[in-house]
Amino acid sequence: MEYVKPIKRAMPLEFKDIFKHNQDWLKEKLDLDPDYFTKLSIKQTPSILYIGCCDSRVNPESIIGASPGDMFVHRNVANLVLESDVNSKSAIAFALEQLKVKHIIVVGHYHCGGIEAAMSFKDYGTLNDWLENIREEYQTYKEELDALGDGEKRNERLVELNVLEQCKHIANNPDFQKAQKEYGVELHAFVFDLNTGKIIDLEYEKIA
Ligand code: ZN
């Protein structure tokens, strides 16, 4: 499917304009291919499962140049994949068993609000249970992280370690192990650097 540049517009997005933007967007697609939506509606055959953070500044499709149909996407606060979370487990199972995706990419990002909230050790109410998973990771890597001080460098390293931890969780997932054996699905750990716009490959496959 051909990659099409997003429509340029003034920021920020106004809620009242979303249907107008939708019309502009679908017109652009139809101008390129009158059968665009007919083709899109038949079937999805994405090759990638993207697991990332909910953060509004990290647009999964844009940062890697993906179009509709290219990626199956699962997002949550701080891109966690937990044994106890039926949501992420279901997304992984569907992506592997039904869609046969060839790659799973876990994408963290610097300046992650979830990581920063966890490291502030404040009371975040309902969010506390979720953040506890990140706080446990901090305890695991406390020595390495504390050596970086208590600012951005430490949080950036925790963003990286968090992505690697989630990859380990996926590697232990029976559905993943089955797919790896059956057709060699690959697992990747990425960090999106909000300071530069670059994606950093943490090369999980080399340390797994
Ligand atoms: Zn985030």
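Read the figures in this text as sums done on the coordinates, not as results from a lab. Note that the coordinates shown come from a computational prediction; the quantities given were computed from them, not determined experimentally. Glycine also receives a Cβ, built like all others from the backbone with ideal geometry; neighbour counts cover every protein chain displayed.
A few points about this structure:
- Per-residue Karplus couplings for the range 90-103, computed as 6.51 cos²θ - 1.76 cosθ + 1.60 with θ equal to phi - 60°, are listed in order as 5, 4, 5, 4, 5, 4, 7, 6, 8, 9, 6, 4, 8, 9 Hz, Gly and Pro entered as x.
- Distance between the modelled labels on GLU116 and THR45, one decimal in nanometres: 4.3 nm (7 Å Cα→Cβ projection).
- Highest mobility in the GNM of the chain, judged by mean-square fluctuation with C-alpha springs under 10 Å and restricted to GLN180, GLN166, GLN139, is found for GLN139.
- Model label zone, ASP150; criterion: amide N under 20 Å from point 7 Å along Cα-to-beta-carbon; scope the range 90-124: 111-124
- The three principal axes of the Cα atoms in the range 76-127 give end-to-end lengths of 41, 23, 12 Å, sorted in falling order.
- In nm, spacing of pseudo-spin labels at ASP31 and SER84 (7 Å Cα→C-beta vector): 5.1 nm
- Around the amide H of VAL77, modelled in the peptide plane, lie the amide H atoms of CYS54, all under 5 Å away and 5 or more residues distant in sequence or on another chain.
- Here's the picture: charge each Lys and Arg Cβ at +1 and each Asp and Glu Cβ at -1 in the chain, and of PHE72, LEU194, ASN128 the one pushed furthest to the positive end of that dipole is PHE72.
- Residue-averaged 222 nm ellipticity for the chain, from DSSP H runs of 4+ at -39500 (n - 2.57), nearest 500: -13000 deg cm²/dmol
- Using θ = phi - 60° and Karplus 6.51 cos²θ - 1.76 cosθ + 1.60, couplings along the range 192-208 (whole Hz; Gly, Pro as x): 8, 8, 5, 6, 10, x, 8, 9, 9, 8, 7, 6, 4, 4, 7, 9, 5
- Springs join every pair of Cα atoms under 10 Å in this Gaussian network model of the chain, and among GLU152, GLU14, GLU28 the largest mean-square fluctuation is at GLU14.
- Relative contact order (%) - criterion: Cα under 8 Å, at least six apart; region: the range 27-81: 39 percent
- With 18 Å as the limit, the listed pairs LYS89/LYS168; LYS102/LYS181; LYS89/LYS206; LYS100/LYS181 have LYS89/LYS206 beyond it between alpha carbons.
- Cα convex hull of the range 18-148, projected area averaged across orientations, nm²: 10.7 nm²
- Take the Cβ atoms of GLU143 and SER62, set R0 to 35 Å, and the FRET efficiency comes out at 0.40.
- Sequence-distant aspartates and glutamates (8 or more away, or on other chains) whose Cα lies within less than 15 Å of LYS27: ASP35
- Relative contact order (%) - the chain, alpha-carbon pairs under 8 angstrom, separation at least six: 21 percent
- Straight Cα distances below 21 angstrom link LYS153 to the lysines LYS122, LYS142, LYS198, with same-chain residues fewer than 8 positions distant left out.
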